[in-house]
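Presented below is the structure to which this report refers.
Here, each number is a calculation from the coordinates, and none is a lab measurement. This structure is a prediction, so every number in the text was calculated from the model and none was measured. Note that each Cβ is placed from the backbone with ideal geometry, even for glycine, and that neighbours are counted across all protein chains shown.
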Amino acid sequence: MAFLTESERSLNHLDGSPLSYSFKDDSFKDDSFNRSSGFLSVEGRSRANLQAILNVASSHAQRLSNEDTKSTALAGKTVTSLFFEDSTRTRLSFENAARKLSSDVMTFTAGTSSVKKGESIKDTVQTIDAMGVDAFVVRHSSPGMPHTISHWTDASVINAGDGAHEHPTQALIDSFALLERLGRNDLVGQNIAIVGDVLHSRVARSNVWAFTALGASVTLVGPKTLLPSNIDDWPVTVSNDFDTVLKKSGVVYMLRIQKERAATGLMSSVGEYVSRFGLTDARYRSLEPNTLIMHPGPMNRGIEISPLAADSDQSLVTRQVAAGIPVRMAVLEMCINNTINNSTINGNQT
Amino acid sequence: MSDNKTIAICGGEVVIDNQLQAADVVIRDGVVAEVGQNVNCDGATVIDATGAWVMPGFVDIHTHLREPGRTEAETVETGSRAAALGGYTAVVAMPNTEPAIDNLGIIEQIRSAAKAALCEVAVSACITRGRGGKELVNFASLSAAGVHIYTDDGNGVQDTALMLHALQYASDLDVVLAQHCEDESLSAGGFMHEGAVSSRLGIGGIPPEAEELMVMRDIALSRKAQVAMHFLHLSTKRSVELVRDAKAAGMNVTAEATPHHFTLTDEALNSFDPNFRVNPPLRSAPDRAAVIEGLKDGTIDAIATDHAPHAPELKELPLTEAPCGMLGLETAASLANSELQLGAVELSRLLSINPARIARLHETHGQIAVGRPANITVFDPNAEWTVDPMQLASKARNTPFAGRDMTGRTRHTIFNGEVVVADSKAQR
């Protein structure tokens, strides 16, 4: 990060980078894909771009299973996880992936940090940046914070979950696990139901963009209170009738439900939620034998998903977890090599 | 201020009696002495108005000056300088300071600070003590001290019965209650307009109904109390329709809209930039169009800035933690000029005549006429400039218009006969 002089700052936005939008054409479009090397969202990515990343992930998966010598792809590089919201699973998955590429790893979590002493996020980022960082892996509860941080550093910024906005590596992981099981490289012709609290789910948003970009037909299922409004322009259909959708779905993707949603009337009770939108034993038994079951974890067993369904042969849950390492290896490597946003399946640059 | 000096504003077109006519204006001892084509300019300091409109000084009925309590973001002095540069000769200071303006002591403090101001600073007061929404302020004593506008702005008065009682209690005083319309049970958890953009970005939404329900409620309360009511910063299509219908039914209601609501939409939040976080939020394109229509057809009486300075570090917080609000004084008239395309007479109505009347400042502002105090703005509708946050006179930098090319700019501002802005530069 080149620190700017006061006069340079005056021409910049948020003091850190050039204006990200132009008033001349009233274009406020998210500039995620113009930022050289970040992985901030799935929205807007092409099928060929996702396939290129998944191909790299595949080669990492192969190497890991063959117990080849450790990759040195990121030797001498530094990956810093910057977690302002606690998520040990996600953080360990990223850090493990970085180490498997021989990268150095630094960890910053808000609980132990100077954020509690009042240091701003911008100062935190620029302080760590000055130590020499090639990629930041950012988790924050406020939508867009990884995007904002990318204005404050020249390092790659990888979104590890920002509020209810996106969790882009989770969507790649889910796509990887699903394509692996299907033995295919796209989802054309697949009917996928995403079930539950879509409104508050970053996983659901990223998966809508990933699954549809890969060719699937996606149906969002839940009570109206837990589905986002004004989504006519999303490439999905919407239903409040789980049983009808279930009959037509080749994949059923269950979202974690938070019991607190009952407190504000977004659902009446957990019991009624389960009866209407849970993948219960009865619903599981009604599935076609080749219908696949997914869940991003951590699961509320016995609530949105029954133990029988979660542990069945139709469940991809453990494969989803396993896919985390190779997929995050691919994302880290391609970000730091600055190929993540311009690679396609036909013109793969890696 | 204007010690025996004579000033002549020459070469412009003057807004006189709802018409724009080529004329010169001569000011003697702070008062308009002559308006016409063959005026006596002997010994006068001549101010060039060639190619510009000579308009009654603008009046902003919605300005947050942050004094006392948040003087790192703005003071009466810096805010008044920003106002003068924007063409304002009077502003109404909003009462959500720290502490809130709910008693005569704080009002005296602000009036004292306003002695050094570059424009008139009228003070408004809260409806409820400390903006707590529980107990009414002493309307009669505040009114006797010259406070005309009352509002808990920043929040709406949530308790319906309390709001009714406020309207009824103050109904025999010459005051106006102004509402920030927001049903907080509906807006809770929201950070931007609830719509296609918020759904896509996963940002909690503030539905239009949060505003509309309180507009609807307060129209009913105003009707019951049979007293005038002012609606702050209307932002939705249905709100504009509700006020239009109330006026058509003969009710004594007035309304304002901000430059950001008639210029920007929720699409701006695609940048995740907290400078676009404001309350009420930037709405959809149809809402914006309805606000413009309301300004043009008279449903909305006034343009008001809701100038809301915040220190830079607060606007670098995450979107969901950053405070609401944006600067407005130095950009409002330019945006009104370029976005509304109304011409000098109609702009004077929205920026000066109507707001002066609403704030009871119409004896001294809102009209260029012989014998009246010289509160005059010379506005060049064709001047081009680019907004540079670092060049603003406001202490804060949180303009949502950074880098925007503007058409139209205040060239000179004359406050009580003193040239406080000349050639778009503050004179003190």
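Pick out, from B:G30, B:G298, A:A177, the residue whose Cα sits farthest towards the positive end of the charge dipole of the protein assembly as shown, with +1 on the Cβ of Lys and Arg and -1 on the Cβ of Asp and Glu.
A:A177
Which order, highest average first, do A:190-200, A:241-251 follow once you tally other Cβ atoms within 10 Å for each residue and take the mean per peptide?
A:190-200, A:241-251
What are the semi-axes of the equivalent ellipsoid for the stretch A:152-289, taken as the square roots of 5 times the Cα gyration tensor eigenvalues, largest first, in whole Å?
24, 21, 13
Which value in Å is the Kirkwood Rh of the stretch B:59-180 over different Cα pairs?
Final number for the Kirkwood radius of the stretch B:59-180 is 14.3 Å.
Taking all pairs of different Cα atoms in chain B, averaging 1/r and flipping that mean, what Kirkwood radius in angstroms comes out?
One over the average 1/r among Cα pairs gives 21.5 Å for chain B.
Which of the aspartates and glutamates could be linked to A:K248 by a straight reach, that is with a Cα gap under 16 Å, when you skip same-chain ones fewer than 8 residues away?
Cross-link targets: A:E288.
Apply the Kirkwood formula to the stretch A:47-176: the hydrodynamic radius equals the inverse of the mean of 1/r over all pairs of different alpha-carbon atoms; give it in Å with one decimal.
Result for the stretch A:47-176, one decimal place: 15.5 Å.
Any number yet on Rg/Rh for chain A, C-alpha, Kirkwood?
Using only Cα positions, Rg/Rh for chain A is 0.98.
When you look at the Cβ of every residue in A:143-155, what mean number of other chain Cβ atoms sits within 10 Å?
Whole-number average of other-chain Cβ neighbours for A:143-155 is 4.
Order the peptides A:37-45, A:61-69 from the highest to the lowest mean number of other Cβ atoms within 10 Å of their residues.
Order by mean packing, descending: A:37-45, A:61-69.
If you place +1 on the Cβ of every Lys and Arg and -1 on the Cβ of every Asp and Glu, how big does the dipole about the Cα centre of chain B come out, in debye to the nearest 20?
Computed about the Cα centre, the dipole is about 260 debye.
Report Rg(Cα)/(2.2 N^0.38 Å) for the protein assembly as shown, keeping two decimals.
Compactness ratio reported: 1.08.
Give the average, rounded to an integer, of partner chain Cβ atoms located within 10 angstrom of each Cβ in B:384-393.
The mean count of partner-chain Cβ atoms within 10 Å per residue comes to 2.
Considering the alpha-carbon set of the stretch B:262-377 alone, what are its Rg and its Dmax in angstrom?
Taking only Cα atoms of the stretch B:262-377, I get Rg and Dmax of 16.5, 53 Å.
For chain A, give the share of DSSP beta bridges that are antiparallel, in percent and rounded to the nearest 5; count only bridges with both residues there.
10 percent
What is the magnitude of the charge dipole of chain A about its Cα centre, with +1 placed on the Cβ of each Lys and Arg, -1 on the Cβ of each Asp and Glu, and no other charges, expressed in debye to the nearest 20?
For this selection, approximately 680 debye.
Quick one: which of B:221-229, B:53-61, A:153-161, B:168-176 comes out on top by average Cβ neighbours within 10 Å, and what's the full order, highest first?
In decreasing order of mean packing, B:221-229, B:53-61, A:153-161, B:168-176 become B:53-61, A:153-161, B:221-229, B:168-176.
Cα centroids of the stretch A:43-104 and the stretch A:160-207: how far apart, whole angstrom?
Using only Cα atoms, the two centres lie 18 Å from each other.
Could you point to the residue in A:N341, A:A98, A:I293 farthest towards the positive end of chain A's charge dipole, with +1 and -1 charges on the Cβ of Lys/Arg and Asp/Glu respectively?
Result: A:I293, furthest along the dipole toward the positive end.
Please express the Cα-Cα pair-distance distribution P(r) of the stretch A:38-106 as a list of whole percents, one per 10 Å bin, running from 0 to the bin with the greatest distance.
17, 40, 38, 5
By Kyte-Doolittle mean hydropathy of at least -0.5 and Cα axial length of at least 15 Å, which whole DSSP H helices of chain B are selected?
B:208-225, B:285-297
What ranking do A:W152, A:W234 get, fewest neighbouring Cβ atoms within 10 angstrom at the top?
So the residues, fewest neighbours to most, are A:W234, A:W152.
Mind checking the angle between helix A:168-182 and chain A's longest principal axis? C-alpha axes, 0 to 90 degrees, to the nearest 10.
50 degrees
B:K5: which lysines have alpha carbons under 22 Å from its alpha carbon, excluding same-chain residues fewer than 8 sequence positions away?
Cross-link targets: B:K115, B:K425.
Express in whole angstrom the spacing between the alpha-carbon centres of the stretch B:209-239 and the stretch B:110-182.
The distance from the Cα centre of the stretch B:209-239 to that of the stretch B:110-182 comes to 17 Å.
Quick one: which residues, 5+ away or cross-chain, put their amide H under 5 Å from the amide H of B:D60? H built at 1.01 Å from N.
Placed amide hydrogens put B:A90, B:V91, B:V92 under 5 Å from B:D60.
Given contacts defined as C-alpha pairs under 8 Å and at least six residues apart, what's the relative contact order of chain A, whole-number percent?
Averaging sequence separation for qualifying contacts and normalising by length gives 22 percent for chain A.
Roughly how large, in nm² to one decimal, is the mean projection of the convex hull of the alpha-carbon atoms in the stretch A:256-328?
5.7 nm²
Using a ≥ b ≥ c from the Cα gyration tensor of the stretch A:137-223 (square roots of the eigenvalues), is it rounded, prolate or oblate, where a/c under 1.5 gives rounded and otherwise the larger of a/b and b/c decides, a/b for prolate?
Verdict is oblate for the stretch A:137-223.
Quick check: the distance between the Cα centres of the stretch B:263-299 and the stretch A:263-279, to the nearest angstrom?
After rounding, the separation between the Cα centres reads 36 Å.
Net charge near A:K248: determine it from the other residues with C-beta under 12 Å of the C-beta of A:K248, scoring Lys and Arg +1 and Asp and Glu -1.
-2
Quick one: which residues, 5 or more positions from A:V238 or on another chain, have an amide H under 5 Å from its amide H? H modelled 1.01 Å from N in the peptide plane, none for Pro or chain starts.
Answer set, sorted by chain and number: A:L220.
Between A:D232 and B:A140, what is the label-to-label distance in nm when each label sits 7 Å out along the Cα-to-Cβ direction?
For A:D232 paired with B:A140, the spin-label model returns 5.5 nm.
Once you charge only the Cβ atoms, +1 for Lys and Arg and -1 for Asp and Glu, what is the size of the charge dipole of the stretch B:356-400 about its Cα centre, to the nearest 20 debye?
Its charge dipole is roughly 300 debye.
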